[in-house]
Structures are given as structure tokens and as C-alpha cells.
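Engineer: To start, I am sharing the structure in question, which I have written as C-alpha cells.
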Amino acid sequence: MSAALRLHRADTQPPADLAGEFLARLDRRLHLPQPHRRQVLDELACHLDERVRDLMVTGVTEEQATRRAVEELGDPMVLARRFERAHVAPRRRRIMNMLMVGLASAAALTGAMTLRAPQVTIRSAVYPPPDAVQQVPQKPLDVQGLPPDVQWGDFFSLAASTSGKSPVVHWGALRELDSDNFGPGHSLGIDPLVDQKLTLDQFLELINTEKGFVADNRIEYREEEGRLVFATTHYFDRRETRLVTYDVSELLRARLGGDADNPDRVPGAVHEIADLIRALVESGMWDVNGGSASITTYGTKLFVRVPQRLLPRIEWVLEQAADAHIGAHQGASVDRRQGDPLHTPRDGAALPPAAGSSTVVSVQLQRVDPAAARQILNQAFDGVPSLKQCSVARWITVDASSRTVSVSATQRHAEFVGRLLTMLDRPGADVVASAESSMQVIPLARVSSETMDSLIRAIAGGSTLYGREFRLVANPQQNSVIVEGPTGVVTALQELIALLDTDWEEPAKVGAAIGR
Amino acid sequence: MLHKDAQRDQAELVILSLLDAQGPLYGYAISKEVSGRSDGQLRLTPGVLYPLLKELESEGLISGSVEEVHSDRKEAAPDAAEGRKRKWYRLTARGRKRLAARIEAHRTWRRVIDLFIARDPMDHDQKEHGR
């Protein structure tokens with residue numbers, strides 16, 4: 001650090017030291033890797049220099065100008081936090097940005113909002129019953145008595161005594177948030193606590209924000225039997241996990257009509273509802289994704305084991321599902337109106353026999369080499385764990401002389417592969433012609449965004465389609481994927497994704513039934 | 001929260017547009033341009049501007065390079081005789097893409113909001129007049 005940044009304590013300071021002291025205070029609080037820290041300080045030093053010069057032109061003294069320039073930069077602590085977040089946050093932000101950009105246009109184009117109230121009631125039972133709403137009297141905390149460099153222990157004690165309780169702090173849980181800085185004797189590291197008249201909730205909001213703790217794991221508290229318990233969202237999630245049952249029979253009636261009692265249709269539909277919940281409510285926390293929450297289905301009931309705080313969201317999803325017109329997506333009705341060159345070959349004898357009711361679909365490829373097409377299919381099915389078990393590779397035959405790929409499988413399965421091949425074989429010229437780039441947010445109804453991500457990568461052999469680069473980002477939180485690239489490629493990807501966003505369980509079951 | 005995000009996104013749009021229109025600029029020049037072009041109606045305070053520049057740089061939307069400048073106020077900062085380091089920013093290809101998307105989103109947003117806003121009083125007057 002140069003001498004200009006040395007700390008001086010005097011009532012009247014030379015202007016350069018005012019600036020230097022500010023930078024030194026910022027330097028002490030700025031936790032960034034060295035080259036970044038140096039650059040930030042250099043940049044601000046340069047800013048102060050020029051700002052002071054400009055202000056002096058207006059006739060103020062150098063000291064006044066410096067004072068004002070420093071004031072404009074605000075509290076060094078707050079500034080340091082902003083720089084730290086700017087350094088760390090981009091990955092998260094990038095996705096949010098695209099979503100916002102995408103959502104704005106998607107909402108305008110499709111009117112994607114549903115305002116209709118659901119017509120079907122979902123019966124639910126909660127065990128144990130939700131706790132009565134907790135309310136700690138929210139008096140402002142009297143922080144005046146605390147030393148300037150407040151320690152966590154003091155802060156929690158003060159918060160508890162303000163509401164007449166004794167504090168219980170789960171330090172172990174808190175250290176999961178930030179292993180280095182939690183302990184009774186550790187400092188909060190937030191400067192201007194004194195003089196702020198804030199309640200406990202407001203203080204925690206401030207601290208969580210300043211420390212950059214994200215919404216799904218931050219400092220929280222609960223009031224219980226004369227104690228105020230401090231820990232984290234994850235800690236309380238573990239403690240407040242509930243087993244809840246939802247009876248979805250009415251939803252099924254709305255959805256399946258006369259088939260609502262059909263034992264062949266019900267399990268699939270109930271599974272679909274469970275998948276919908278997993279996709280839409282904090283997808284990372286379900287057992288299938290390595291978390292601890294679970295959904296088990298039995299008849300028309302869902303047994304859901306989740307932290308209590310998520311129940312309202314699950315119920316919202318169920319209400320919305322009750323209102324959905326699912327007929328349009330239903331499994332067996334693959335849309336053939338687009339004039340796919342799918343046709344039944346005159347001679348299906350070369351194909352190995354598929355048991356059960358099978359369909360043979362052949363596609364004569366114009367552009368893609370049939371052997372390459374077959375390899376792409378294999379790649380796709382190998383690259384995605386959930387597809388491995390329903391691989392159709394052994395039912396695919398290639399006739400090199402007529403450039404025909406034939407697939408024998410259940411009707412739905414065969415048609416799917418047929419459509420996939422058609423899409424891969426589409427002319428690339430119109431795609432490449434456009435130099436414009438665009439971006440689309442594509443919500444997924446059935447397949448998880450990570451699965452779609454790997455599926456597309458497997459099919460595209462990386463991130464190139466028709467020789468043009470694209471970017472694909474999976475957004476598990478919304479279960480959507482964001483694609484960005486040349487407009488034609490984005491459109492092609494959109495179609496491909498719509499096709500792939502299908503109920504994979506069904507082909508898997510069919511595969512098992514056929515004895516694969 | 002949304003409010004804050006929206007403000008930040010608007011600031012991003014402004015900065016990217018400026019760099020697109022003007023070519024490379026450094027932080028202080030950006031803040032002067034912003035208040036100058038908007039007749040002082042829009043201000044990017046340095047406490048917001050510099051962290052945002054850092055964020056845009058981390059995202060790869062802009063890239064910075066440092067230039068040594070010699071302070072003409074050496075008497076004020078005698079120890080900085082080696083000169084100040086001024087950081088210039090320019091728009092990257094990715095930043096240009098983002099800018100296009102932001103502009104599009106902004107236009108869509110404006111179009112949609114316009115649907116809710118009562119007719120322009122001028123329009124109204126003309127109609128009244130015409131009757």
C-alpha cells in the first residue's frame with residue numbers, strides 16, 4: 001500500500017489523507033483476491049482525483065471538494081460488500097437476467113399468466129398440524145450499550161433479552177453458512193449497528209443481505225418455550241420436516257374424466273403430478289436430486305415429506321395443475337399434422353420382431369448419413385441416465401442403399417424416434433442464413449432442466465447445431481432451459497426441446513414390459 | 001427486491017448503450033456522460049457505478065484495461081507520483097448481445113405498459129376537438 005493510503009487521525013486533515021483514509025478503510029474491508037482488490041482501489045483513487053479536480057473548478061476549496069467526493073462514495077463497508085457481491089454473483093445473475101429478458105417477451109407474446117381460480121379442491125391433511133404462527137414481540141433492539149465492534153454472542157443475547165427470552169444459538173449450523181466467522185467471540189463485521197433503531201427481523205434482514213446469504217439458507221430464529229433459538233434455514237428445515245398427504249382424486253377426475261378409475265391410467269397421472277411438484281418446488285431438495293425431501297405415491301394419494309415452509313408452494317402447484325388442460329400434451333397423441341415423412345415401410349421383414357403392439361416407422365434421410373443418425377440416437381440415449389433403460393437402439397435398423405432408418409417399437413416410441421430423425425435431417429440452409437441472434441426461455445413440463453441440458457448436448461455433440469454455435473443454460477429453479485444463438489438454431493432447438501420434453505417413464509415401462 | 005433488480009438492469013442498459021455509442025470509457029467519464037446526456041435527470045452514483053462495472057466485467061459483458069495517467073494534482077497526492085491507474089472499459093461481443101436483448105426487452109416492456117396507460121392527453125384533446 002502506498003503511503004498515500006496511510007491512516008491519519010486528526011481533526012483537520014490534509015485533503016489527500018481524507019481520500020487516503022477512505023481507501024484504507026475500504027481496503028481493510030474488501031475481501032477480494034489480490035489483483036482485483038488492487039484494481040478496485042486504483043480505480044477509485046483515480047476517480048477521487050478527477051472528481052476533486054472537477055469540483056474545485058466550481059470554486060470550492062480542495063478540502064471541501066475531497067470531503068464531498070469521498071461522501072459520494074458512501075460507506076466503505078457497504079461499498080466493499082457491493083464489490084464482493086459483484087465479484088461473486090455473476091453466475092447467478094446471468095441466469096436471472098436472461099430470465100427477465102426472456103420473461104418480458106414471453107409474457108407479452110403468449111399472455112402466459114393464469115388468473116382463473118381453480119375449480120377443483122384438493123383435499124389435504126397435514127401431520128403434525130402446522131404450528132401456530134410464531135410472533136416475537138418486535139421491539140427495536142437497544143444496541144447503544146454494545147461495544148462498537150459487536151460480537152455475535154452479544155448480539156444474540158441482546159436480541160433474546162429484548163423479547164424477554166434466553167438465547168440458544170446453534171453455532172455448528174451457523175458455521176455451515178460461513179465456517180470462519182461464526183462464534184460467540186467473532187465480530188459481526190458490520191459497522192454501523194449503533195444508532196440504528198431496528199427490530200430483530202430488520203437486523204437479521206440487514207445482516208443476511210450484507211453477508212450475501214441466499215434466500216434458501218440464511219440466519220433464522222424461532223421462539224420456543226421462553227427461548228429464542230438462532231440457526232439457519234437448513235437447520236430449521238431438518239427440524240420442521242412434515243409428512244403430508246394429498247388426495248388428488250378430484251384432480252384426476254378433472255384430468256382423466258371417465259378414465260379416473262382406470263387402474264392403467266391412474267398411476268401414470270399421479271406420477272406426473274409428483275414430477276410436476278419436484279420440478280417446480282425447489283427442485284434441488286428432492287431425493288431424486290440428492291436432497292432429503294420425498295414424494296411417495298399410493299393410489300390416488302401423494303405422501304409428501306418436506307419442510308413445512310414449502311407446503312403453501314406445493315398446494316399452489318396442485319391448484320394450478322387442477323386447472324391445466326393436459327389433454328393437449330397427453331402421451332399417445334404425437335402431433336402428426338406437420339407432414340412428417342413418416343411412413344410404414346412396405347417390407348418390415350428385416351426388422352427384429354418387437355413383442356406386444358408394435359409400430360414400424362421408417363424415415364428416409366435426405367441429408368444426414370443414416371449411420372451417423374443412428375450414432376446420434378445412441379449418443380443421446382447413452383448420455384442421459386433416465387434414457388439408458390429405455391434405449392431403442394436395438395430396434396433401429398439402417399438400410400444404407402435407400403438411406404432409410406427404420407424403427408420398430410411401441411407406436412409412441414417409434415413415432416418419437418421418427419420425429420427426432422426428421423428434425424435432425426431438416427435442411428440447415430434456412431437455419432444458417434440468418435445472422436441475427438436471439439434468446440428463448442423454454443419452460444419444461446416433464447423433463448428436468450439438467451436432463452434436457454445433457455440430452456441436447458448429446459444430440460448436438462456439444463454446443464453446435466448445423467455448424468452454428470449456441471449456448472444452453474439449464475435453470476433448475478424454474479425447470480426451464482435458456483437457449484441463445486442464431487435465430488434459426490434457437491428455433492430448431494425449441495422444436496427439438498418440445499419434442500424431447502416428454503414423459504420418459506412410459507417408454508421405460510414399455511421397454512420393461514417387452515422384456516428388454 | 002424486484003425493484004432493486006429492475007433499477008440495476010436499467011443501469012446496465014444505460015452503461016452498455018453508452019459504451020456501444022461512445023466506444024471505450026472509464027468510470028468517471030461514464031458517470032459524467034450519464035448525467036450530461038440526461039440533463040442531470042439520471043445519476044449513477046459512484047457507489048453504485050463502480051461495483052456494477054465490476055459485475056459487468058465479471059460477466060464478460062465489458063472488458064477493462066488499465067492506463068497509467070499522471071495526476072495533475074501531485075501536490076495533493078505527492079506519493080502517487082508514479083501516476084494513477086485509470087481503468088477503461090469497452091463492450092465485448094457478449095455485451096453487445098446482451099445489449100440487444102435488453103433493448104428488445106425494454107421495448108416490449110414499454111409497449112406492454114403503454115397498453116395500460118390512459119391515452120395521451122394530446123390525443124384526447126384532438127379527438128374532443130374533432131367532434
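The values are calculated or read from the model by the stated rules, or taken from the named source; none is laboratory data. Bear in mind that the values here come from a model prediction, so they are computed numbers and not experimental data. Heads up, the Cβs are rebuilt from the backbone with ideal geometry, glycines too, and the neighbour counts pull from every protein chain shown.
Engineer: Considering each residue of the stretch A:16-27, count those that are touching a residue at least 40 places away in the same chain (Cβ under 8 Å) and over 10 Å from A:Val70 (Cα atoms), and give that number.
Structural biologist: 3
Engineer: Can you name every residue in the stretch B:31-59 that is closer than 19 Å to B:Arg94 by Cβ and in a helix (DSSP H, G or I)?
Structural biologist: Result: B:Leu52, B:Leu53, B:Lys54, B:Glu55, B:Leu56, B:Glu57, B:Ser58.
Engineer: Check every one of the helices (runs of 4 or more DSSP H) wholly within the stretch A:4-77 and list those with 2 or more residues that are modelled with pLDDT under 90, within 8 Å of chain B (Cβ to nearest Cβ) and over 17 Å from B:Pro46 (Cα atoms).
Structural biologist: Counting at least 2 such residues, we get A:15-29.
Engineer: Right, here's the next one. Quick check: is even one residue across the stretch B:16-35 more than 24 Å from B:Ala100 (Cβ to Cβ), basic (Lys, Arg) and without any contact (Cβ under 8 Å) to a residue 60 or more places away in the chain?
Structural biologist: Yes.
Engineer: For the stretch B:76-97, check the following and say yes or no: at least one residue is modelled with pLDDT of 90 or more and among the aliphatic types (A, V, I, L, M).
Structural biologist: The answer is yes; a qualifying residue exists.
Engineer: With A:Thr451, A:Thr502 as the choices, which residue is under 21 Å from A:His271 (Cα atoms), touching a helix residue (DSSP H, G or I) at 6+ places or on another chain (Cβ under 9 Å), at pLDDT below 75 and crowded, with 16+ Cβ neighbours inside 10 Å?
Structural biologist: Residue meeting the stated conditions: A:Thr502.
Engineer: Sticking with this one: Would you call B:Glu128 more than 30 Å from A:Val483 (Cα to Cα), among the acidic types (Asp, Glu) and at pLDDT 80 or above?
Structural biologist: Answer is no for this residue.
Engineer: Could you list all residues from the stretch A:45-69 that are in contact with a helix residue (DSSP H, G or I) (Cβ under 7 Å, 6 or more places away or on another chain) and either acidic (Asp, Glu) or surrounded by fewer than 22 Cβ atoms within 10 Å (Cβ to Cβ) (or both)?
Structural biologist: Of everything in the stretch A:45-69, those that are in contact with a helix residue (DSSP H, G or I) (Cβ under 7 Å, 6 or more places away or on another chain) and either acidic (Asp, Glu) or surrounded by fewer than 22 Cβ atoms within 10 Å (Cβ to Cβ) (or both) turn out to be A:Glu50, A:Leu55, A:Met56, A:Glu62, A:Glu63, A:Arg67, A:Arg68.
Engineer: Say whether the condition of being over 29 Å from A:Gly268 (Cβ atoms), modelled with pLDDT under 70 and not basic (Lys, Arg) is met by at least one residue in the stretch A:477-494.
Structural biologist: no
Engineer: Hey, among A:Ala254, A:Ala231, which residue is touching a His at 6+ places or on another chain (Cβ under 9 Å), crowded, with 17+ Cβ neighbours inside 10 Å and touching a residue at least 60 places away in the same chain (Cβ under 8 Å)?
Structural biologist: One residue alone meets the criteria, A:Ala231.
Engineer: Does the stretch B:83-107 hold any residues that are within 9 Å of chain A (Cβ to nearest Cβ) and part of a helix (DSSP H, G or I), and which are they?
Structural biologist: Across the stretch B:83-107, the qualifying residues are B:Lys97, B:Arg98, B:Ala100, B:Ala101, B:Arg102, B:Glu104, B:Ala105, B:His106.
Engineer: Can you pull out every residue in the stretch A:194-248 that is of a type outside the set (Lys, Arg) and more than 30 Å from the chain's Cα centre (by Cα)?
Structural biologist: A:Val194, A:Asp195, A:Gln196, A:Leu198, A:Thr199, A:Glu223, A:Glu224, A:Glu225, A:Gly226, A:Leu228
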